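Encoded as C-alpha cells, the structure appears first; notes follow it.
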Amino acid sequence: MSVLQYAFMQKAFIVGILLAIITPCIGMTIVLKRMSMIGDALAHSSLAGVAFGLLLGINPVLGATAFCIFAALGIEGIRKKTPRYSEMAIAIVMSAGIGLAGVLSGFVKNSANFNSFLFGSIVAISDLELWMVILVSVLVLLVFLLLYKELFYVGFDERAARISGVSVKTVNFVFTLLTALTVSIASRTVGTLIVSSMLVVPVACGMQIGKSYRNTLILSIILAVLFTVAGLTVSYYGKLKPGGTIVLTGVLVFVIIVVFKSIRIKYKKHKAVQ
C-alpha cells in the first residue's frame, strides 16, 4: 500500500491502532457508569494543559497529561461530595477547563501549534509522543487486565461491588488515572474536540451487536481498529483531517447498525404476525 511508504503514516497507523485498542477498554467502563461525557471534560482540561505547556516551553502533551490527571481527580472528588447529583462534577470541571483554556490561549504566541490540538494531528506526532503513546497503551492494557473483574463490577453497580468486597475507592482512583492518561494522549492525535467520540462510539457500536460484556468489549476493540484504519486510509487519499474522518467513520457504522437492527426487528415482527 502506497499509504504506508511514508514514515509519518507508519507512525500514524501505529499510534491510531494502539489508541483504538485501549480507548474501548476505558470507554466500556465509562459508558456503564453513565459518564460518557467525561471524555469531553478531560479533553477540554487537557487543552488548558496544552496552553500551559506552550507558555512554559515544555512538551504540550506533558502539560495536557498533568492537567488531565488533576481534572480527573477533581471530578472524582466532586462526585463523592455530591453523590445524588454526581453528573454535575463533569459539567463543573468541563466549564473550568474551557474557561482556563480560553484565558491561557490568549497568552500563547504560536496559535497554530495550539490550534492543532483542537482537531488533532496524528500524522505529525514526534518520536517522543509516539513512545508516550506506546508506554500509556501498555500501562492501560496491563492494569485493565489485572482489574478486569473489578472494573466490570464497579461499572455495573458500585454498591453491589462494595458489598462483594471490591475496593471501589481504589479501583475508581486507578481507573480515573487511566482515563486521564488515555484522554491526554488521544487529544494530541484525534483532537480535544472529538476525543470523547473515540471512547464512546466504538462501545456504542459493540453494544448493538454484542450479547455479553466480554463479547461487547472485543467487538468494540475490533471496530475501533477498523474505524482507525479506514479513517486514516480515507483521509490520506482524500486529503481530509484524520481525526474527524476516523470519528465520522465510526458514527456512520453506528447509524448503519442501528438502521439494520431496526429493519430486522420489524421484519421479524411482521413475519410473526403472518
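The values are calculated or read from the model by the stated rules, or taken from the named source; none is laboratory data. Being a predicted model, the structure only gives us computed values, none of them experimental. All Cβ positions, glycine included, derive from the backbone under ideal geometry; neighbour counts span all protein chains shown.
When the test is whether a residue is at pLDDT 85 or above, in a helix (DSSP H, G or I) and closer than 27 Å to P60 by Cα, T170 does not pass it.
Cβ-Cβ distances below 6 Å connect no pair with a first residue in segment 131-143 that is under 16 Å from S184 (Cβ atoms), a second residue that is of a type in the set (K, R), and a separation of six or more residues or different chains.
Here L217, L177, L232 are screened, and the one residue that is in a helix (DSSP H, G or I), more than 15 Å from A20 (Cβ to Cβ) and in contact (Cβ under 8 Å) with a residue 40 or more places away in the chain is L177. Kindly provide the set of residues from segment 235-248 that are without any contact (Cβ under 8 Å) to a residue 24 or more places away in the chain and farther than 17 Å from M9 by Cβ, ordered by number. The answer is L248, and nothing else. Residues in segment 237-253 include none that are aliphatic (A, V, I, L, M), within 21 Å of L145 (Cα to Cα), in a helix (DSSP H, G or I) and out of contact with any Pro (no Cβ under 7 Å at 6 or more places or on another chain).
Would it be correct to say that K241 is charged (D, E, K, R) and surrounded by 19 or more Cβ atoms within 10 Å (Cβ to Cβ)? Write out each step before concluding.
Details: charged (D, E, K, R): yes; surrounded by 19 or more Cβ atoms within 10 Å (Cβ to Cβ): yes.
Taking the combined requirement at face value, the residue satisfies it.
Among what's in segment 91-108 and is β-branched (V, I, T) and in a helix (DSSP H, G or I), pick the residue that is surrounded by the fewest Cβ atoms within 10 Å (Cβ to Cβ).
To start, the set of residues in segment 91-108 that are β-branched (V, I, T) comprises 92-93, 98, 103, 108.
Narrowing further to those that are in a helix (DSSP H, G or I): 92-93, 98, 103.
Numbers: I92: 15, V93: 25, I98: 16, V103: 11.
Among those residues, the one meeting the criterion is V103.
Apart from one condition, A12 fits all of (1) of a type in the set (A, V, I, L, M); (2) part of a helix (DSSP H, G or I); (3) surrounded by fewer than 24 Cβ atoms within 10 Å (Cβ to Cβ); the exception is (3). Taken together, L151, L223 contain a single residue that is surrounded by 23 or more Cβ atoms within 10 Å (Cβ to Cβ), in contact (Cβ under 8 Å) with a residue 24 or more places away in the chain, within 18 Å of the chain's Cα centre (by Cα) and closer than 22 Å to K261 by Cα, which is L223. Looking across segment 134-186, just one residue is within 23 Å of L42 (Cβ to Cβ) and of a type in the set (K, R), and that is K169. Apart from one condition, R34 fits all of (1) closer than 23 Å to E150 by Cα; (2) buried (at least 17 other Cβ atoms within 10 Å of the Cβ); the exception is (2).
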